[in-house]
Amino acid sequence: MSEQPQTWHYGLVARWWAEFNAPDSDELAFYRSIIEGDGQPALDLACGTGRLLLPLLSDGLDVDGCDVSPDMLALCRAEASRQGLSPRLYQQAMHDLDLPRRYRTIYICDSFGIGGQRNQDAAALQHCYDQLDPGGTLVFSHFLPNYDSERWSYWLPEQRQRLPEAWREAGTRKRAANGDEIELRTRIVDLDPLEQRLTLELHAELWRDGRLEAKEDRLLAETLYFRNEIQLLLANTGFAAVSVLTAYSGEEPTPDDTFLVFSARK
């Protein structure tokens, strides 16, 4: 298997993120409070097109951005320029993280385990640890493997016989600011319960004035983690004071919660 992260955050998908993925108010408020409480400078790891980074910079916070996708970073840089902002942006994979600054806070929004392999995810946590100042904090949100009932069903052998899923006849289509339309379709290609690895395929189309102008097909591999696995990874990395809360409420999780926030201090 390739050592490069396997993601689909390029081309039309990167543009989709830039055009349509606005930050949720609770999500943005949560990360703002974390940075204000745990300290600056902060690093938005897997910052994408700047969905969280740019509003936080606009609020006067000292936040850098890092992402594996040059397409996402180019769109982030362009939007930052339109807003009169000049963020420090770095193109690196999480498992290769090596930046010139040290940080009081590093946060990862919904991206831990995306694209990499288990050894790379462990390396990413180690690099985050090394990149933090003593006493600094790593915070990241994470969906548990059972958050989506359809995907969870494929853990059963009889259900996996249906994979890969058939393509839906129509995807989700949205109109961009310049009038172009982008349509995305996704399907599950494979789920390996032993490796806890999910493979998704995405088909993207660009439509202009009713004509198909471009199309792209990409794969995304995701390593699936449960709560205790992540806690063990953090402890083995050397992090202390690891806490797990329900995102973004700040409450203790229950067995019914499938979206968590992990916080760990160096």
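The values are calculated or read from the model by the stated rules, or taken from the named source; none is laboratory data. No experiment lies behind these values; they were computed from the predicted model shown. Note: ideal-geometry Cβ built from the backbone for every residue, glycine included; neighbour counts use all protein chains shown.
Take region 21-38 and flag every residue that is free of Cβ contacts under 8 Å to residues at least 12 places away in the same chain and either not assigned by TED's automatic domain parsing to the domain that holds Phe140 or not in a helix (DSSP H, G or I) (or both).
Step one: filter region 21-38 for residues free of Cβ contacts under 8 Å to residues at least 12 places away in the same chain, giving 24-25, 33, 37.
Passing the criteria: only Asp24.
Determine, yes or no, whether Gln126 is under 25 Å from Trp8 (Cα atoms), touching an Asp or Glu at 6+ places or on another chain (Cβ under 9 Å), in the same structural domain as Val261 (by TED's automatic domain parsing) and not in a strand (DSSP E or B). Write out each step before concluding.
Values: under 25 Å from Trp8 (Cα atoms): yes; touching an Asp or Glu at 6+ places or on another chain (Cβ under 9 Å): no; in the same structural domain as Val261 (by TED's automatic domain parsing): yes; not in a strand (DSSP E or B): yes.
Criteria not met by Gln126.
Can you tell me which residues in region 220-241 are surrounded by fewer than 19 Cβ atoms within 10 Å (Cβ to Cβ), within 18 Å of Gly113 (Cβ to Cβ) and either modelled with pLDDT under 95 or aromatic (Phe, Trp, Tyr) (or both)?
Selection gives Phe226 alone.
Which of the residues that make up region 1-20 are surrounded by 13 or more Cβ atoms within 10 Å (Cβ to Cβ) and in a loop (DSSP other than H, G, I, E, B)? Before the answer, list the steps.
Residues of region 1-20 that are surrounded by 13 or more Cβ atoms within 10 Å (Cβ to Cβ), as a first pass: 5-20.
Once the filter is applied, which keeps residues that are surrounded by 13 or more Cβ atoms within 10 Å (Cβ to Cβ) and in a loop (DSSP other than H, G, I, E, B), region 1-20 yields Pro5, Gln6, Thr7, Trp8, His9, Tyr10.
Any chance region 63-74 includes a residue that's touching a Phe, Trp or Tyr at 6+ places or on another chain (Cβ under 6 Å), closer than 24 Å to Leu184 by Cβ, in a helix (DSSP H, G or I) and modelled with pLDDT of 95 or more?
Initial filter on region 63-74 (touching a Phe, Trp or Tyr at 6+ places or on another chain (Cβ under 6 Å)): 66, 69, 71.
From the residues that got through so far, the ones that are closer than 24 Å to Leu184 by Cβ too are 69, 71.
When the remaining residues are screened for being in a helix (DSSP H, G or I), the result is 71.
If we keep only those that are modelled with pLDDT of 95 or more too, we end up with 71.
Checked against the condition, which is being touching a Phe, Trp or Tyr at 6+ places or on another chain (Cβ under 6 Å), closer than 24 Å to Leu184 by Cβ, in a helix (DSSP H, G or I) and modelled with pLDDT of 95 or more, region 63-74 yields at least one hit.
Have a look at Leu156, Leu89, Leu73 and point out the one that is farther than 28 Å from Ser249 by Cα, without any contact (Cβ under 8 Å) to a residue 12 or more places away in the chain and hydrophobic (A, V, I, L, M, F, W, C). Before the answer, list the steps.
Working: Leu89 fails: without any contact (Cβ under 8 Å) to a residue 12 or more places away in the chain; Leu73 fails: without any contact (Cβ under 8 Å) to a residue 12 or more places away in the chain.
Residue meeting the stated conditions: Leu156.
If Ser81 meets every condition in (1) among the polar types (S, T, N, Q); (2) outside any helix (DSSP H, G or I); (3) farther than 26 Å from Thr137 by Cα apart from one, which number is that one?
(2)
Is it the case that some residue within region 177-184 is more than 20 Å from the chain's Cα centre (by Cα), within 20 Å of Leu73 (Cβ to Cβ) and assigned to a strand (DSSP E or B)? If you could, list the steps in order and put the result at the bottom.
Within region 177-184, the first condition is being more than 20 Å from the chain's Cα centre (by Cα), and the residues that meet it are 177-183.
Then drop every residue that is not within 20 Å of Leu73 (Cβ to Cβ), which leaves 177, 182.
Add one more test, that the residue is assigned to a strand (DSSP E or B), and what stays is 182.
Yes, region 177-184 contains at least one residue that is more than 20 Å from the chain's Cα centre (by Cα), within 20 Å of Leu73 (Cβ to Cβ) and assigned to a strand (DSSP E or B).
Mind listing whichever residues of region 219-266 are part of a loop (DSSP other than H, G, I, E, B) and either within 17 Å of Ser33 (Cβ to Cβ) or within 20 Å of the chain's Cα centre (by Cα) (or both)? Working first, answer last.
Here is the first cut: in region 219-266, the ones part of a loop (DSSP other than H, G, I, E, B) are 224-226, 238-239, 247-250, 252-258, 266.
Of everything in region 219-266, those that are part of a loop (DSSP other than H, G, I, E, B) and either within 17 Å of Ser33 (Cβ to Cβ) or within 20 Å of the chain's Cα centre (by Cα) (or both) turn out to be Leu224, Tyr225, Phe226, Ala247, Tyr248, Ser249, Gly250, Asp257, Thr258.
For Pro134, state whether it is part of a strand (DSSP E or B) and more than 17 Å from the chain's Cα centre (by Cα).
In short, yes.
Which of the residues that make up region 52-66 are free of Cβ contacts under 8 Å to residues at least 40 places away in the same chain and under 24 Å from Glu19 (Cβ atoms)? It would help to see each step written out before you state the result.
Of region 52-66, the ones free of Cβ contacts under 8 Å to residues at least 40 places away in the same chain are 53-66.
Once the filter is applied, which keeps residues that are free of Cβ contacts under 8 Å to residues at least 40 places away in the same chain and under 24 Å from Glu19 (Cβ atoms), region 52-66 yields Leu53, Leu54, Pro55, Leu56, Leu57, Ser58, Asp59, Val63, Asp64, Gly65, Cys66.
Do you know which of the residues in region 49-65 that are of a type outside the set (A, V, I, L, M) and buried (at least 24 other Cβ atoms within 10 Å of the Cβ) is farthest from Leu12 (Cα to Cα)? Step through it out loud before you land on a result.
Filtering region 49-65 down to residues of a type outside the set (A, V, I, L, M) leaves 49-51, 55, 58-60, 62, 64-65.
The next check asks that each one be buried (at least 24 other Cβ atoms within 10 Å of the Cβ); those that pass are 49-50, 65.
Values: Thr49: 12, Gly50: 16, Gly65: 21 Å.
Going through the qualifying residues, I end up with Gly65.
Which of the numbered conditions does Ser249 fail, given that it passes all the others? Conditions: (1) at pLDDT below 95; (2) crowded, with 16+ Cβ neighbours inside 10 Å; (3) polar (S, T, N, Q).
Every condition holds for Ser249 apart from (2).
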